[in-house]
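The values are calculated or read from the model by the stated rules, or taken from the named source; none is laboratory data. Remember, predicted model here, so these are calculated numbers, not experimental data. So basically every Cβ, Gly included, is an ideal-geometry build from the backbone, and we count neighbours across all protein chains shown. Accessible surface areas use protein heavy atoms only, side chains included; no ligands, DNA or RNA. Shrake-Rupley method; radii C 1.70, N 1.55, O 1.52, S 1.80 Å.
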Amino acid sequence: MATTDEEKHSKMEAPGSPPSLDGEIHMGDNADGLQRRLNNRQIQLIAIGGSIGTALFVSIGGGLAKGGPASLLIAFTLYPIILGFVNNSIAEMTILYPVSGGFIRLAGHFVDDALGFMIGWNFFIYEALLIPFEITALNLVIGYWDSSIKEPGPTAGICAGVIICYAALNILAVRGYGEAEFWLSGGKVILLFILFAFTFITMVGGNPQHHAYGFTNWKHIAFQEFKSTGAKGRFEGFLGALWSAAFAVVGPEYVSMVAAEAKRPRIYIKTAFKTIYWRFGLFFFGSALAVGIVLACDDPTLVKVQLDGVSDAGASPYVIAMTNMGVEVLPHIVNALMLTSIFSAGNTYTYCATRSLYGLALEGRAPAFLRKCNSRGVPIYCFLIVMCFPFLSFLQVGKGSADVVVWFVELITAGGIIDYIGMSITFIFYHRACKAQGLDRKTLPYYGHFQPYGAYIAIVVQFLIIFFYGYRAFAHPITAENFFKNYTMQCLAPILFFGWKFIKGTKLKKPEEVDLVWERPTVDAYEARFTEPPVGFWTEMLALFGYKKQKVRQIEG
């Protein structure tokens, strides 16, 4: 990064911004205390890693058991299209305003401070509860090797060890977190391609039985019945698969949250958002297809693990399929890689929960002391609060891992979808402001096509999902437990919105009064420091092995 001495001294120091520890200039990176230290390769792998977690390797089996391979594939085809509309919305706003707190602060700025409050706390709770979910899933997967892991002593030991690791990685500067996630996310990608290769090779006969089973499991049962029989049962099975997709298919929110700590956000964050579309097609569609090929939806072990909450031969449908085929070594390799994948997802959730709480504090929606950043640009008090949530994983000591996993999934699924609804609403208000003030969106760094229609479609579909997601809670007998397991987040969201609106007396922003400049000058000034063209992803990858390493360092700092 080339910057003259005059330019260095002319930069305004942001409140709470610490001095650089490594020779880089970080004053004025943001209008707060976060520092832009994540390079291109780290951002792209963090974006990938945030969308690949337990749901894609373990929970996807629940969708298969409920709906069958055909329903699972349809669900994992339709829902990514809807989330693609959301991605299209949040990408345009985030690339233009890559601010701390991401979409949380965008909602308060363009719509209503009450919406920012609601989305922010909803996302914080959602991410914070995902941390113990991932720790619980780790214990569930480790149980493949030794069922005694579920006993109180080993369970507590695993929980404690993972919590210590998360704390160590997230107290470091964001660059350390980014480097750790780069390698861990790379392992996730390798694991996915191993599973895809396993699916293709075994379906054409490359298995111990030399059986070219092809699409036998599709012919066996394509549309599984769930809860009921006949057409109604198959439809309920599809809904079960759709709920599975709604929890598994994620991504845009993590790119938005990391934007404030990305170097060259107008370039690198734009690339990350654009790659989300092909990731949806490759990772989620490919996974749904592969799972339905390698394993029957009525497999006894799958049903026992996913529907009855019992863990014995392995939680992942892929591992179950390998065990059924008599594959001896690969299940151990896959399980080991799956552990690193699940650990990585929990690490990302720790990061996002910390940054979301920090974004809330910046706008006065959380106590002001949470704005404090340490010398490495880490919101230290936010971090300490977030690290209380992983201790919920110790609930496993008193009950089965699978039961705890199901509880967390049912509690937080709606929380993620509520965030997406908030993103779409924010874009509609942003679009109205641009139109009212005569801003040509086609001149911006990123232009979202098919808007605002895509945002409206996403709102309608996702509203229907969160409304009907827990419809079984109203089946006889109706219990408070079943209701709150399915509708806790739906009840909490309006309480947060109207409660803050009543206390603070907030109002919806008028299109002509919205500030469309906001923090753009700060970002523009930061981007103007760079005098060299940006470094490409593969160039950075090769630099790891010495190729043009000095040149990359000179350009990127």
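Where the second residue is assigned to a helix (DSSP H, G or I) and at pLDDT below 90 and the first is surrounded by 14 or more Cβ atoms within 10 Å (Cβ to Cβ) and lies in region 511-522, which pairs have Cβ atoms under 6 Å and are six or more apart or on separate chains?
none
In this structure, does GLY102 turn out to be under 19 Å from the mean Cα position of the chain (by Cα), under 22 Å from LYS372 (Cβ atoms) and surrounded by 24 or more Cβ atoms within 10 Å (Cβ to Cβ)? Give the derivation first.
On the way: under 19 Å from the mean Cα position of the chain (by Cα): yes; under 22 Å from LYS372 (Cβ atoms): yes; surrounded by 24 or more Cβ atoms within 10 Å (Cβ to Cβ): yes.
Yes.
Looking at SER316, SER344, which one is open to solvent by less than 10 Å² (accessible area, probe 1.4 Å), at pLDDT below 85, under 23 Å from TYR166 (Cβ atoms) and of a type outside the set (A, V, I, L, M)?
SER316
What are the pairs with Cβ atoms under 6 angstrom where one residue, in region 235-262, is within 27 Å of GLY176 (Cα to Cα) and among the aromatic types (Phe, Trp, Tyr) and the other, located anywhere, is open to solvent by less than 10 Å² (accessible area, probe 1.4 Å) and not in a strand (DSSP E or B)? Sequence gap at least six, or different chains.
TYR254/GLY50
Being over 20 Å from THR54 (Cα atoms), open to solvent by 40 Å² or more (accessible area, probe 1.4 Å), at pLDDT 90 or above and aromatic (Phe, Trp, Tyr) is the requirement here; does PHE193 meet it?
Numbers: over 20 Å from THR54 (Cα atoms): no; open to solvent by 40 Å² or more (accessible area, probe 1.4 Å): yes; at pLDDT 90 or above: yes; aromatic (Phe, Trp, Tyr): yes.
Taking the combined requirement at face value, the residue does not satisfy it.
For region 220-249: of the residues being surrounded by fewer than 23 Cβ atoms within 10 Å (Cβ to Cβ) and part of a loop (DSSP other than H, G, I, E, B), which is farthest from the chain's Cα centre (by Cα)?
Only one residue tops the list, namely THR229.
Whether any residue in region 297-310 is open to solvent by less than 40 Å² (accessible area, probe 1.4 Å) and within 29 Å of LEU45 (Cβ to Cβ) is what I want to check.
For region 297-310, residues open to solvent by less than 40 Å² (accessible area, probe 1.4 Å) and within 29 Å of LEU45 (Cβ to Cβ): absent.
Working carefully through the options GLY63, GLY101, GLY53, find the one that is of a type in the set (Gly, Ala, Ser), under 30 Å from GLU179 (Cβ atoms) and touching a Phe, Trp or Tyr at 6+ places or on another chain (Cβ under 8 Å). If you could, list the steps in order and put the result at the bottom.
Values: GLY63 fails: under 30 Å from GLU179 (Cβ atoms); GLY53 fails: touching a Phe, Trp or Tyr at 6+ places or on another chain (Cβ under 8 Å).
Only one candidate qualifies: GLY101.
Provide a single number: the residues in region 118-135 that are within 20 Å of VAL397 (Cα to Cα) and either open to solvent by 10 Å² or more (accessible area, probe 1.4 Å) or in contact with a strand residue (DSSP E or B) (Cβ under 7 Å, 6 or more places away or on another chain) (or both).
Qualifying residue count, region 118-135: 1.
Enumerate the pairs (first residue in region 56-75 and in contact (Cβ under 8 Å) with a residue 40 or more places away in the chain and within 17 Å of THR136 (Cβ to Cβ); second residue anywhere and assigned to a helix (DSSP H, G or I) and open to solvent by 10 Å² or more (accessible area, probe 1.4 Å)) with beta-carbon separation below 7 Å, excluding pairs fewer than 6 apart on the same chain, so at least 6 apart or on different chains.
Listed by first residue and then by second, the contacts come to SER59/SER244; SER59/PHE247; SER59/VAL409; ILE60/SER244; GLY61/VAL305; GLY61/GLN306; GLY62/SER244; GLY62/GLN306.
Give region 33-74 a look and list any residue that's more than 22 Å from MET338 (Cβ to Cβ) and among the small types (Gly, Ala, Ser), or say none.
Across region 33-74, the qualifying residues are GLY33, GLY67, GLY68, ALA70, SER71.
Out of THR202, THR155, THR216, which single residue is within 23 Å of GLY326 (Cβ to Cβ) and open to solvent by less than 30 Å² (accessible area, probe 1.4 Å)?
Details: THR155 fails: within 23 Å of GLY326 (Cβ to Cβ); THR216 fails: open to solvent by less than 30 Å² (accessible area, probe 1.4 Å).
None of the other options fit; the residue is THR202.
Scan region 57-99 residue by residue and report those that are in contact with a Ser or Thr (Cβ under 9 Å, 6 or more places away or on another chain) and polar (S, T, N, Q).
Correct list: SER59, SER89, THR94.
Please go through region 368-385 and pick out each residue that is within 16 Å of PHE124 (Cβ to Cβ) and of a type in the set (A, V, I, L, M).
Matches in region 368-385: LEU370, LEU384, ILE385.
For (1) at pLDDT 80 or above; (2) open to solvent by less than 10 Å² (accessible area, probe 1.4 Å), each residue gets a yes or a no:
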position	(1), (2)
ALA31	no, no
THR54	no, yes
PHE57	yes, yes
GLY63	yes, yes
PHE76	yes, yes
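Please go through region 367-397 and pick out each residue that is in contact (Cβ under 8 Å) with a residue 12 or more places away in the chain and not in a helix (DSSP H, G or I).
LYS372, CYS373, ASN374, SER375, ARG376, GLY377, VAL378, PRO379, MET387
Please work out which one of (1) open to solvent by less than 50 Å² (accessible area, probe 1.4 Å); (2) at pLDDT 85 or above is the condition LYS485 fails and give its number.
The number of the failed condition is (2).
The rows are residues; the columns are (1) closer than 27 Å to GLY61 by Cα; (2) open to solvent by 10 Å² or more (accessible area, probe 1.4 Å); (3) touching a Gly at 6+ places or on another chain (Cβ under 8 Å); (4) part of a helix (DSSP H, G or I).
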position: GLY116; (1), (2), (3), (4): no, no, yes, yes
position: ALA137; (1), (2), (3), (4): yes, no, no, yes
position: VAL141; (1), (2), (3), (4): yes, no, yes, yes
position: ILE164; (1), (2), (3), (4): no, yes, no, yes
position: ALA168; (1), (2), (3), (4): no, yes, no, yes
position: ARG175; (1), (2), (3), (4): no, yes, no, yes
position: ALA180; (1), (2), (3), (4): no, yes, no, yes
